[in-house]
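Notes follow the structure.
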Amino acid sequence: MSVPWDLGGRQSSRRSFLKMGAGVSIAIPLASTLAGCTGASTTGGSSFMFLSTQFTPVEEKQRFEKILADRVTDPKVSFNSLAVGDFTTQVQTLVGSGKAEIGLLGALHGDLAPLTDYLADVDDLVPAAAAAGISDDMLALGKFGGTTQKYIPWMQASYVVAVNKKALDYLPAGADVNHLTYDDYVAWAEAGKKATGSAIFGFPAGPKGLYHRWVQGYLLPSFTGAQVTRFTSDDAIAAWEYMQRLWKAMNPASTNYDNMQEPLARGEVLVAWDHVARLVDAPKEKPDDWLMVPSPTGPKGLGYMLIIAGFAVPKDADKAQATTVINALSTPQAQLDVLRQNAFFPVVKADLPSDLPAPISLEAAAVAAQASSPDALLALPPIGLGAKDGEMSQVFKDCFTAICLQGQSPKSVVTAQAEIMQKILDEAKVPCWAPDPIGAGVCAVG
């Protein structure tokens, strides 16, 4: 299978993210850069703790543990996944305390940002990572705006729209399912509901749903060009007024949906946006009945969220052992294992095999088209908030609850929530992140 992705490219562009090329896979062992490094022996089946914020659902964790067992034979890795707040607390409490040894960290960019004081420098791993095909842009993220590498990219993901082909009967005239606008999207939802007598669109608004990521990375960037600095702007109010209209066309059971693959597979809804890992099972039984397409484009562009996770080495860890594990999980084979099993895409240069599961192939095409759109506007999850990450997510969730579920005035809601957001940013003392202007000082809510 060949798709127009090339993570081996060195161009500095937002579209160098979430792309893979069909070329010769390169995997230079990262450990080769550590010749002469001393530390505990990696022989003898020693135990090694890998602490992560990823793969917290039981099924995902079990699948990743199988990959670890197959790909990392020495040291023996113990994988522990925690919610981001618990992860942050554990790192801050244990690293450097002598109470317990954490060998390796695996977390999202924003999860690692507040922990830089606890992380070893990994500049010596960069040449091999670059040779393996990890792009300059991705590696630059691992410096957090400084000059020292604090993590090596591990894997990436995004969010797209899953479409049961039955829903195409209600697509508005003139709309292109592969190049939807937000106007197309809501008109399609309304047309399907009118024609069938029930909502055919769904939304992950359950207790554990990722609906706040829709607001952060898609709705607001697409309408305002920003996530924080234009939070109370007229464009943001228009975005929320749009969302009120869209919500009326959604299946009301959406407040129970933690992921969309299950209601899609059951036929309760025919169209839904969600994280690729939470859509992948929907087409499993009848992949020919499904499409995966890019998210809609708004007045300011096609806002989309890049989810980038990295490997970081705690300061008191055995760096040689950590590098052995990073090396084993950075080969194209191991990264394709993660793609097959948990729907996170490689960051190294890798050929997509022809025998990929059909749902993964569908997602690969959608993710590539989304990132390579001429209107693409890259957004990142909040960065550097640490234990306050959940509080920031709650701001967006509370906006949705008040505006869409309770029908309150968007302007009054965002004005009140802006004060809460600014307090969070002030206490965390963090600068803005993409797509907002990145600069010195605390990010200011606008």
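Once you keep just the Cα pairs under 8 angstrom separated by 6 or more residues, what percentage relative contact order results for segment 363-446?
Relative CO of segment 363-446 lands at 31 percent.
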Problem - Distance histogram in 10 Å bins (all Cα pairs of the chain, percent per bin) - result: 4, 21, 32, 26, 13, 3, 0
Problem - Whole-Å distance, taken between Cα centres, linking segment 389-413 and segment 210-282 - result: 13
Completion exercise
Computed over the chain, protein heavy atoms only, probe 1.4 angstrom, the accessible area per residue in square angstrom equals 38
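Can you give me the convex hull volume of the Cα atoms of segment 93-184, divided per residue and expressed in Å³?
That works out to 190 Å³ per residue.
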Completion exercise
Going residue by residue through segment 265-281, the Karplus relation 6.51 cos²θ - 1.76 cosθ + 1.60 with θ = phi - 60° gives ³J(HN,Hα) values, rounded to whole Hz and with x marking Gly or Pro, of 5, 6, x, 5, 9, 10, 9, 7, 9, 5, 5, 4, 5, 9, 10, 4, 7
Handout entry: Surface share of carbon and sulfur [accessible, 1.4 angstrom probe, percent] for the chain
Key = 50
Fill in the blank from the handout: Which of Pro435, Pro374, Pro283 fluctuates most in a GNM of the chain (C-alpha springs under 10 Å)? That residue is Pro374
Completion exercise
Neighbours of Thr224 by Cβ distance under 15 Å: Lys/Arg at +1, Asp/Glu at -1, summed charge -2
Completion exercise
The aspartates and glutamates whose Cα lies under 17 Å from the Cα of Lys194, excluding any fewer than 8 residues away in the same chain, are Asp169, Asp183, Asp184, Glu268
Completion exercise
Computed ³J(HN,Hα) along segment 211-217: with the Karplus parameters 6.51/-1.76/1.60, θ = phi - 60°, integer Hz and x for glycine or proline, the list is 5, 5, 5, 4, 5, 5, x
Problem - Pairs of alpha carbons in segment 242-302 whose separation is greater than 13 Å (percent) - result: 67
Completion exercise
In whole Hz, the Karplus estimates of ³J(HN,Hα) for segment 200-207 (6.51, -1.76, 1.60; θ = phi - 60°; x where Gly or Pro) are 9, 9, x, 8, x, 9, x, x
Exercise for the section: Report, by chain and number, residues whose modeled amide H sits under 5 Å from the one on Val160, excluding near sequence neighbours (fewer than 5 apart, same chain). Expected result: Asp274, Val276
Completion exercise
Taking Cα pairs closer than 8 Å and at least 6 residues apart, the relative contact order of the chain in percent is 26
Problem - Two-decimal Rg/Rh across segment 330-446, once Rg and the Kirkwood Rh are taken from alpha-carbon atoms - result: 1.10
Exercise for the section: Mind checking which lysines have their Cα closer than 22 Å to the Cα of Lys284? Skip sequence neighbours fewer than 8 apart in that chain. Expected result: Lys61, Lys66, Lys165, Lys166
Fill in the blank from the handout: Partner aspartates and glutamates whose C-alpha sits under 17 Å from that of Lys319, ignoring same-chain residues fewer than 8 away, are Asp74, Glu101, Asp117, Asp121, Asp123, Asp124
Problem - Lysine pairs with alpha-carbon atoms under 21 Å apart, segment 333-446, spacing 8 or more or separate chains - result: 6
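The values are calculated or read from the model by the stated rules, or taken from the named source; none is laboratory data. Since we're looking at a predicted model, the values are computed, not measured. Neighbour counts are summed over all protein chains in view; Cβ atoms, including those assigned to glycine, are modelled from backbone coordinates with ideal geometry. Note: accessible area is taken over every heavy atom of the protein model, side chains too, but ligands, DNA and RNA are not part of it. Shrake-Rupley method; radii C 1.70, N 1.55, O 1.52, S 1.80 Å.
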